[in-house]
Structure formats: structure tokens, C-alpha cells
Amino acid sequence: MNYLKLSISALLFAVLCVGCKHHEEARRPISRASGTFMKKSADRNKKLVASEEDVIKNIIKSNPKVKYYASQKGYWYSYEEQNTADTLKPKRGDIAYYNLEVKDIKGKVIYAEAELGPQTYYVDKQEIMMGLRDGIKLMHKNETVNFLFPSHMAYGYHGDNKKIGTNESLICTVTLRNFVPEEAPKTAVTGTQTPKAVTPKAAVQTKKDTLNP
């Protein structure tokens with residue numbers, strides 16, 4: 001009887017071991033497939049970035065009279081108006097006042113400056129296009145800069161859900177009118193006119209994105 005119990009126990013143990021082994025083997029292809037997918041996705045992204053950068057570099061080559069600068073973030077820019085007298089640039093916590101025009105990489109206007117109107121940006125505290133977040137911090141007051149942004153510095157795969165499509169490189173023309181510390185009176189910084197007294201208003205929530213009200 002003891003021999004029979006031992007045999008049954010051994011048989012059950014063997015069945016459990018085989019079941020576990022099959023379960024582990026069944027899961028391995030999922031892991032390998034996942035790794036392959038990630039690698040293919042990374043390769044596609046690299047090719048996309050390289051392709052967009054080639055287009056931008058060709059634009060730069062076709063305009064030899066224009067001096068373009070390569071940023072450390074992977075985009076390029078040139079000056080229409082440069083202010084070499086000032087040394088200060090916007091920093092975190094400042095409020096930047098600027099105008100913006102957005103074109104596709106072929107130069108067709110997507111958002112005209114008049115359509116967008118005057119823009120306000122709380123530096124590094126507000127969600128706007130990644131390229132603009134960095135580019136505005138390179139500017140001095142009263143400068144106008146043309147930025148050439150590959151899609152990963154613009155709106156990436158999703159676009160802006162309006163006029164900007166999937167994986168679209170952009171040309172953004174920015175004029176930085178002024179910037180001030182966040183605690184400075186807002187009525188004295190948006191232009192050159194004499195400030196006027198205003199009645200305080202309740203605070204409103206800042207827009208998440210300049211182009212996405």
C-alpha cells in the first residue's frame with residue numbers, strides 16, 4: 001500500500017513539473033515578439049528622424065545666404081531680427097510675450113500670426129510645443145527667429161488634432177516682444193504704451209497649449 005501511494009505521488013509530481021515547463025515555454029515567444037516589436041519601432045523612429053533632418057538640411061543648403069544655427073535639442077534656427085545689445089534671456093518663472101506664425105516644412109502657412117494673436121508663455125511652467133519651450137529661452141527681447149523643428153520637437157505622431165498632421169516638421173517664426181519676472185505688474189510689460197490702471201480680475205486657468213485652446 002505504501003508503495004502504491006509513493007507511486008501515485010511521484011506520478012502527480014511529474015505531471016506538475018511537465019505542466020510548469022510547458023507553461024514557461026509557452027510564454028517565451030511572447031517575450032521575444034515584444035522585444036522584436038520594440039526594436040522595429042525604434043528603428044522606424046530613427047529612420048523617420050533621419051529623413052526629417054535630411055529635408056531640413058537640404059533647406060539650409062538651399063539658402064546659403066542665411067546663417068542657421070544647430071541647437072543641442074535637435075532643431076535649427078536663424079535670425080530675421082537679432083538683438084545683440086541685450087544679454088538677458090527668458091528663464092524659468094518669467095512671463096514671455098511673443099508673436100507666432102506656423103508653417104509646414106515647405107513654407108505653407110498653417111497658422112498665421114494674425115489668426116493666433118499675441119501669445120503669453122509662463123516659461124517652463126506651461127505646456128506648449130516642445131521646440132518652442134526650448135527655443136524661446138534662446139532669444140533676447142525684440143528678436144525675430146525662424147525655427148526649423150523636426151516632428152519630434154513639434155507635435156510628433158499625434159499632431160495638434162487640428163491643422164498639424166502626423167509626424168509633421170514645422171517652421172515657426174517667433175518674435176519675442178518682451179519678458180518679465182512672474183511677480184512683475186502685467187499691465188506694464190506687453191508693449192510700449194503708458195500703463196493704465198486696471199481693476200483686478202479673478203485668476204483664470206492658463207491654456208495648456210498655444211495652438212490648442
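Key figures
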| read-out | value |
| --- | --- |
| Rounded accessible area of Y79 (nearest 10 Å², 1.4 Å probe) | 60 Å² |
| Full-stretch length increase - D43, R133 - with 0.36 nm per residue and alpha-carbon distance subtracted | 29.7 nm |
| Calculated from backbone phi, Karplus (6.51, -1.76, 1.60) coupling profile of the stretch 65-76 in Hz, x at Gly/Pro | 7, 9, 8, 9, 10, 8, 7, 6, 8, x, 9, 10 |
| Table column - 3J(HN,Hα) (Hz), the stretch 98-108, Karplus curve with 6.51, -1.76, 1.60, x for Gly and Pro | 8, 10, 9, 10, 10, 10, 6, 5, 8, x, 7 |
| Ratio Rg/Rh, restricted to the stretch 39-84 and using Cα atoms, in which Rh is the Kirkwood radius | 1.12 |
| Estimated inter-spin distance, D54 and V109, nm [label 7 Å along Cα→Cβ] | 3.2 nm |
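The values are calculated or read from the model by the stated rules, or taken from the named source; none is laboratory data. The structure displayed is predicted, hence computed values, not measured ones. Note that we place each Cβ from the backbone using ideal geometry, even for glycine, and neighbour counts take in every protein chain shown. Just so you know, the surface numbers come from the protein's heavy atoms only, side chains and all, with ligands and any DNA or RNA stripped out. Shrake-Rupley method; radii C 1.70, N 1.55, O 1.52, S 1.80 Å.
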